[in-house]
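Notes follow once the structure below has been shown.
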Amino acid sequence: MDKLIEFSKNVQFTLGDSVLEIIYLVASILFIVGLKMLSHPESAKRGNLYAAAGMIIAIIGTLVLHKQDGERIKNFEFIFGALAFGLVVGWIIARKVKMTKMPELVSFFNGMGGAVATIIAIMEFPNIDKELLEVHGMLNFEALVIFLSLVIGSVSFTGSLVAFGKLDGLVKDIRSKVLRYINIVLLLSITGFVAYLMTRGNINPSDLMPYVFVLLGVSLIYGVLFVMPIGGADMPVVISLLNSFTGLTAAMGGFLYNNLAMLTGGILVGSAGMILTILMCKAMNRSLFSVIVGAFGGGGVAIESEQGLIKEISETDLAILLSYSRKVVVIPGYGLAVAQAQFLAHELEELLNDKGVEVKFAIHPVAGRMPGHMNVLLAEADVSYEKLVESDKANEDMDNVDVAVVIGANDVVNPAAEEDPSSPIYGMPIVRALKAKNVIVLKRGMGKGYAAIENNLFYHEKTRMLFGNAKDTLQRVIKEVDNI
Amino acid sequence: MEGILEFIYVNAETTFGIILSIFLGIEVISHVPAVLHTPLMSGANAMSGVVIIGAIIVLGHADSTFNIIMGFLAVFLGTLNVVGGFVVTDRMLEMFKKKPKKD
């Protein structure tokens, strides 16, 4: 007991500090519960709100109660200015952007998080604890955390922006062997440079600032080159990976400030993001390693296979074919999203339904640009949940399907993934459209898909093509169906 | 090296917390239907915006003009991440609401 009393005398305990810790604890719990709820369809929406509530109380708690070396938070006018400014801009961007652009948006916001971590690292570097420096020199944990935060944060920042650009079509893939070596060299030099800085001994951190800026520059460049060679179809995996990185940097910040909310929140996102990344890879039957190394289009020996004739079908014929079928499967792809044709797809589905035709949507795990992206779009158009089947289920039943209608999808129905081992997408699970009795492909033109490879499905004898913008084409088909 | 070991010793509780959080993150996520991958990623992205607390601390203790500018930028970008992240996720999940049957 005496010991305890003495202990409590030594610890400078104030009510505010302990309330803040409790607030952080509550915020952490809200994060965990929110994340858990986000992984079930029924509770996901509430889960998101819980997590947001956790964030709000953590921010308010910090504003009111945080102390550093006994000093309270000041500069309130600037803080509130930045918060309000960010709130308005963030809200408007998030509300205004079209549903098809969601993946880009996630990537963009993630990049902002990375930038914040980078700024924090730069600002805190000169403040490394003097005592720590005297005892251990630069070789201390605080310096390590700051360096990691700087490097990972900046890679996440520029990497996310490049991913954003790629999804938006602003940035093209650059795939070359040379780039792969450059990347390895860059990564090694970053590691070496950090090691060099950390063995500087007891030195005033401010004197090292020029070096830190060099490290920053190299890391920023590495972020760009890291994402550059990765194929477009792998972009979701990369975004998820970068997201996990940003989580890690938040955790680094938690270390730095001894801040529970940042620590748990960051680690949680870091590990959950990593698992999500691996799950996404699994959905595409690829390893994380091959995604990062950029195996896509690596060999470039894809055999130009025997191509047959392209057969077209008119809107009227398609309408008749559909109306007198028993089972129709729609296989949507990014083309449908781009043309904003999800509403028309639903209209067609309802029309056919009234005629007694059973319509299902077969959703490939990476249809669109991100897992689940297509579900979101179709749900937006009021297509009911039960109508959406995952590709495995759809494949089981494909033999009984009369017409498979491929709308703006390409790689996800490419039989080369199962037949041609030399194909870059070999091994990726596909929707086996060819097992249906008829295959109709709605497509803008004969352009290649995102993976930029030939698709033999289009030349198959079962297949007929209907060229044009999915929205216009569907509109005409609907009209025809309506007339029958 | 010694410094790092000492840090772990001094911060044993934190180290514990981290390891447990890692497993928690893995456990919480491991059974997610593919449909929810995108919203989940987006939600996690918003949560990683917790780094904003660090930004607030930086700005809240900034003295020089340069520090205030950088801190302001950090808080602004962090708010973008948090607000944008949660709002986008909410918009995505809006789609999963049970639709009233219409005839």
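The values are calculated or read from the model by the stated rules, or taken from the named source; none is laboratory data. Note that the structure is predicted; figures quoted are calculated from it, not measured. FYI the Cβ positions are ideal-geometry reconstructions off the backbone, even for glycines, and counts take in every protein chain you see. When the accessible area is computed, the model is the full protein with side chains, heavy atoms only, and any ligands, DNA or RNA have been set aside. Shrake-Rupley method; radii C 1.70, N 1.55, O 1.52, S 1.80 Å.
Remark on A:Gly368: its backbone amide H falls under 5 Å from those of A:Tyr334, a criterion applied only to residues 5 or more positions apart or on other chains, H modelled at 1.01 Å from N. Between the helical axis of A:141-167 and the longest alpha-carbon principal axis of chain A there is an angle of about 20 degrees. Classify chain A as rounded, prolate or oblate from the Cα gyration tensor: take a ≥ b ≥ c as the square roots of its eigenvalues, call it rounded if a/c is under 1.5, otherwise prolate when a/b beats b/c and oblate if not. Prolate is the answer for chain A, as a/c is 1.5 or above and a/b outweighs b/c.
Annotation: amide H-H contacts under 5 Å for A:Val401 (H modelled 1.01 Å from N, sequence separation of 5 or more, or interchain): A:Lys437.
Taking all protein chains together and rolling a 1.4 Å probe, A:Val26 ends up with roughly 70 Å² accessible. The residues of the protein assembly as shown present an accessible area of 43 Å² per residue when probed at 1.4 Å with all protein chains retained. Taking label positions 7 Å along the Cα-Cβ direction at both A:Asp69 and A:Asp129, the computed distance is 1.4 nm, reported to one decimal.
Counting GluC sites (Glu not before Pro) as exposed when in a DSSP loop with at most 12 other beta carbons within 10 Å, what is the longest stretch of chain A free of them? Within chain A, the longest run free of exposed GluC sites (Glu not before Pro) spans A:43-303. Couplings 3J(HN,Hα) of the range A:203-212, computed from phi: 10, 5, x, 4, 5, 8, 3, x, 5, 4 Hz, in residue order, whole Hz [Karplus 6.51 cos²θ - 1.76 cosθ + 1.60, θ = phi - 60°; x for Gly and Pro].
On a 0 to 90° scale, report how tilted helix A:177-198 is relative to the longest principal axis of chain A, with both axes built from alpha carbons and the result rounded to the nearest 10. Helix A:177-198 sits at roughly 20 degrees to that axis.
Working from label points 7 Å from Cα in the Cα-to-Cβ sense, the A:Lys387 to A:Phe467 distance is 3.0 nm. Averaging Cα coordinates gives a centre for the range A:88-107 and one for the range B:7-86; these two points are 20 Å apart.
Multiplying the residue separation of A:Asp168 and A:Ile484 by 0.36 nm and subtracting their alpha-carbon distance yields 109.8 nm. Counting only alpha carbon atoms, the long axis of helix A:15-38 and the longest principal axis of chain A meet at about 20°. Rounded to 0.05, the FRET efficiency of the A:Asn353 and A:Lys282 pair, given R0 = 41 Å and the Cβ-Cβ distance, is 0.75. The share of accessible area on the protein assembly as shown that comes from carbon and sulfur is 63 percent, using a 1.4 angstrom probe. Association of chains A and B removes close to 8400 square angstrom of accessible area from solvent, both sides included, for a probe radius of 1.4 Å. When the surface is traced with a 1.4 Å probe over the full set of protein chains, A:Asp399 keeps roughly 90 Å² accessible. Restricting the chymotrypsin sites (Phe, Trp or Tyr not before Pro) of the range A:413-484 to loop positions (DSSP other than H, G, I, E, B) with no more than 16 neighbouring Cβ atoms within 10 Å leaves A:Tyr426. When the Cα gyration tensor is reduced to axis lengths a ≥ b ≥ c, the ratio a/c is 1.5 or higher for the range B:1-93, and with a/b not above b/c it is classed as oblate. Between A:Asp207 and B:Ile19, the FRET efficiency from the beta-carbon distance, with R0 = 25 Å, is close to 0.10.
Per-residue ellipticity at 222 nm from helix content only, as computed over chain A with -39500 (n - 2.57) for each DSSP H run of at least four residues, stands at -19500 deg cm²/dmol. Put the Cα centre of the range A:124-190 next to the Cα centre of the range A:367-444 and the gap is 38 Å.
Between A:Tyr181 and A:Ile60, the distance separating the two model label sites (each 7 Å from Cα on the Cα→Cβ line) works out to 5.8 nm. Per-residue 3J(HN,Hα) values for the range A:330-344, derived from phi via the Karplus relation 6.51 cos²θ - 1.76 cosθ + 1.60 with θ = phi - 60°, read 9, 10, x, x, 4, x, 5, 5, 4, 7, 6, 9, 5, 5, 5 Hz in sequence order (x marks Gly and Pro). Rounded, prolate or oblate, given the Cα gyration tensor of the range A:99-204, with a/c below 1.5 counting as rounded? In terms of gyration-tensor shape, oblate. Using the Cβ-Cβ distance between A:Lys98 and B:Val10 with R0 = 51 Å, the FRET efficiency computed as 1/(1 + (r/R0)^6) comes to roughly 0.50.
Converting phi to 3J(HN,Hα) with the Karplus coefficients 6.51, -1.76 and 1.60 and the offset θ = phi - 60°, the range A:270-282 yields x, 6, 4, x, 5, 5, 4, 4, 5, 4, 5, 4, 4 Hz in sequence order, with x at every glycine or proline. Taking amide H positions as modeled 1.01 Å from N, with prolines and chain starts lacking one, the residues under 5 Å from A:Ile363 and 5 or more places away or on another chain are A:Val389, A:Glu390, A:Ser391.
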